[in-house]
Each structure stands twice: as C-alpha cells, then as structure tokens.
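Some notes on the structure that comes next.
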Amino acid sequence: MPTISEKILSRASGTEAEAGDIVDAEIDYAMSHDGTSVLAIKAFREMGSEKVWDPGRIVIPFDHIVPANNETAATLQAEVRRWARAQGIENFYDCGHGICHQVFCEMGFALPGALVVGADSHSCTYGALGAFGTGVGATDMAEIYSRGRLWFRVPETICMRLEGTLGEMVSAKDLALFVVKEMGADGANYMAVEFVGGAVEGLSISGRMTLCNMGVEMGAKAAIIPPDASVDAYLAGRARRPYTHVHSDPGSYFKEIEYDVSDLPPLVAAPYRVDNVHPVTDLAGTEVDQVFIGTCTNGRLEDLEVAARIMKGKRVRIRTLVIPASREVYLAALRSGIVEILVEAGAMIGPPGCGPCLGAHMGVLGDGEVCLSTSNRNFPGRMGRNGRVYLASPATAAATAITGAIADPRDL
C-alpha cells in the first residue's frame, strides 16, 4: 500500500520502490537558476560531459540576482546564457520572468505524479501540484544534466491532517509557520510530508505553494498535497504534457498527525530560527526598519492583493519593498490596480525575482537593522551580516508597514 512518493519513485525508477530503498530514477524536469547553474555547469564540464541528456527538460530561470548587481554577477550570468544557447536549452527564462519556483509552476513543469528536481532547497514547492519536488546540490544537477537520472533514498511519509477553517487575516503562511513550530526545524528530516484535511483543501493553489514551500524548513525531502480539481483548473492551458493524479493508499503512512487550526492566530517567526514562532500579539510593538513582501513563499497575486487591501488609503511609516514573484503576477497586479495602491501608500516595487531574500542585493539590511519579511528563512546574516529578520504573512507585513512596528493585521 504505497504513498504518493513511493508511487512516483516506483514509476520513475521502474521498480517497486518502498520507503528506505535506494533507487535510480528518471527525472521528468530539472531546474537550476542563475546562482546554481554556474556551479552545475562547472561540474558538468569537470565530469567530461559534452551534451545534456534532453534540452527540452532542463529549465533555467534567472531570479536570484536580477538585474545583476555587479560585474562579477553579470559575467557569470553571461556565461550561463552562452552555455544554454550552445546546449539548445529550450526553457531558458532570463531576467524579469520571475522566481524560479513560481515560473516553473506557471509554465506547467510541475505536474501531478511527476518527479521534478531543482538545484534550490525550496523546490519542494512543486508538491502543491501533486508532484514529488525536491532540491539537490549543483553536482547532483550536473549528473542530471548529463544523463537525466539521479539516485534517491525513498522517504517515509508523514501525513499531516489540518482541519478547520482559517480565520480572518490568517493565511497559508500562518499555517506553514504553525506546522514548522510544531514539527521543529528537524522534525521531518528526509521524510515526505503529505498535507491533507479541510484546511488544506480550502487553500488556493497559491496558498498550497506557500505551505509546501516551507516543508524544507522542517527538514522534509518533499512536501506534497494530493492533487484535485483545483490543480486541474490551474494547469489547464499550462501543463507541458498529460498527467495522472497519484494518491496514497489507506494505511500507507509512516506516521499520521492531526491538528485543528480553526483558532490559529497570525504568527511571526522571530530571529534566528524558523521554528521560533509566536502569536503576533506576543511581538506586537517590536520596532522594524524595513518590510519586505515577496519571495517564492509569498510574492503571488493573492499576497499582493491582501497587502493592498490593508494599505489602501494609508501611508507606510517605514521603507517597504514589494516584489512580485513573476511577470505574470506583476501584470495581473498592474491591471487590477494593486500596484497603484501599493505605490500610493509609499511602497517600492521591485522587478520580479528573489530580491533581498538571500542577502545579495536590493533591500539588504544595514548593521543592526530589523526587517519583517514574508520570506522563508531568518537565519543570522540572511539579509545582511548583522540584520535581524522576522517572518510573517503578507497581511501582517502590510499592517507592520502601516504602523512602523510589528502589528496584528486583524486590528486594521
């Protein structure tokens, strides 16, 4: 009685894969971005490889440092562009398309039942669409470039049942922070986490991406939501190829955990751990220097929409940076008037990409500064050598921008 993960890895490896087995599996689609492609290409050449296994199944978006912030970054990006052209990479998305995980999903590469791998730890995002998505290192990606296969240890699966209805101004980000707090930063090491239950089924595809995105913050190898009609509706006109829904059999899980999240409040993760989570009321009043709304966790249209709802007709009291997750999101936010509301409120709008999330450029913190961010990590040095990062939902971020200190969005 296999799980989703066991079924996907069985199909990809041509074996009856069970948890604990080591399998050599065929990759459906592989992704590397401007940061990791540089290292993967170097390893690819050092391995003596000359041609990629399939130029139609490698996806390379530029998102981590876009536009390039210095000559070194620009030169490295130019090298990746040349390599991609020489290899005939069909799915190359240059600066401005958006964050790798958002683009990967929007362009129809993450599909139910697929084995999709990215050279980025938050590739677990793809599980929102019923795929087995996981992150690998650059050397592993070079191996995939070369032969389209990679070895995996088949993970055990934890079933996390989340029941109830989320309250006003409580979102998928709060749900994700709650789960990470309950599990701990290493509570699901090298396991697949399957999210089920009424609270999960009620999430939009964007919300599901947020929840799965943070699976790696509790150590998960993959985070998966069983596909349903909402997934089919999202993939209509996007899917790169036909797909089949894959579901776990009854009684197949390593462990089952259940929570009722009906009374969940807005949450905030304080420095310097993602599992250092508190109700927003416990941290309300904490002074903040910067608010950042965006990233692969919370830069989608519904995230910008709730921020605009809170900021409309008001002015931000601290510098506020908003970065859409993709060009598609940006255009939708422009057409709907969301961008106008945010700019009138005093927010800055950045080009689609990762922005300051990784501490590379555009919004990096100064010594001792504090940022409330909708991103997924608040480790020391994450957004600046001596900066401090609090993690929260777009609603909490918008409320904080308006008040100048951490605030409960329900009060606005």
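Here are the numbers for the structure shown:
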| quantity | calculated |
| --- | --- |
| Residue satisfying all of: in the stretch 84-126; open to solvent by 10 Å² or more (accessible area, probe 1.4 Å) and among the aromatic types (Phe, Trp, Tyr); farthest from Asp28 (Cα to Cα) among these | Tyr93 |
| All positions within the stretch 348-360 that are part of a loop (DSSP other than H, G, I, E, B), out of contact with any Asp or Glu (no Cβ under 6 Å at 6 or more places or on another chain) and either at positive phi or charged (D, E, K, R) (or both) | Gly359 |
| Selection from the stretch 153-164 of residues that are within 15 Å of Asp263 (Cα to Cα) and outside any strand (DSSP E or B) | Gly164 |
| Single unsatisfied condition, Gly167 versus (1) of a type outside the set (Phe, Trp, Tyr); (2) touching a residue at least 24 places away in the same chain (Cβ under 8 Å); (3) surrounded by fewer than 17 Cβ atoms within 10 Å (Cβ to Cβ); (4) part of a helix (DSSP H, G or I) | (4) |
| Residue pairs meeting the criteria (Cβ under 9 Å; at least 6 apart or on separate chains; first free of Cβ contacts under 8 Å to residues at least 60 places away in the same chain, in the stretch 93-106; second open to solvent by 10 Å² or more (accessible area, probe 1.4 Å) and aliphatic (A, V, I, L, M)) | Tyr93/Met107 |
| Identity of the residue in the stretch 330-369, free of Cβ contacts under 8 Å to residues at least 60 places away in the same chain and touching a strand residue (DSSP E or B) at 6+ places or on another chain (Cβ under 7 Å), that ends up most open to solvent (accessible area, probe 1.4 Å) | Met348 |
| Failed item, numbered, when Thr139 is tested on (1) open to solvent by less than 40 Å² (accessible area, probe 1.4 Å); (2) over 23 Å from Ala239 (Cβ atoms); (3) polar (S, T, N, Q) | (1) |
| Qualifying residues in the stretch 382-410 (those that are among the small types (Gly, Ala, Ser) and at pLDDT below 95) - the one nearest to the chain's Cα centre (by Cα) | Gly384 |
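The values are calculated or read from the model by the stated rules, or taken from the named source; none is laboratory data. The structure displayed is predicted, hence computed values, not measured ones. Ideal geometry is used to build each Cβ from the backbone, glycine not excepted, and the neighbour counts take in all protein chains shown. Surface areas here come from the heavy atoms of the whole protein model, side chains and all, with no ligands, DNA or RNA. Shrake-Rupley method; radii C 1.70, N 1.55, O 1.52, S 1.80 Å.
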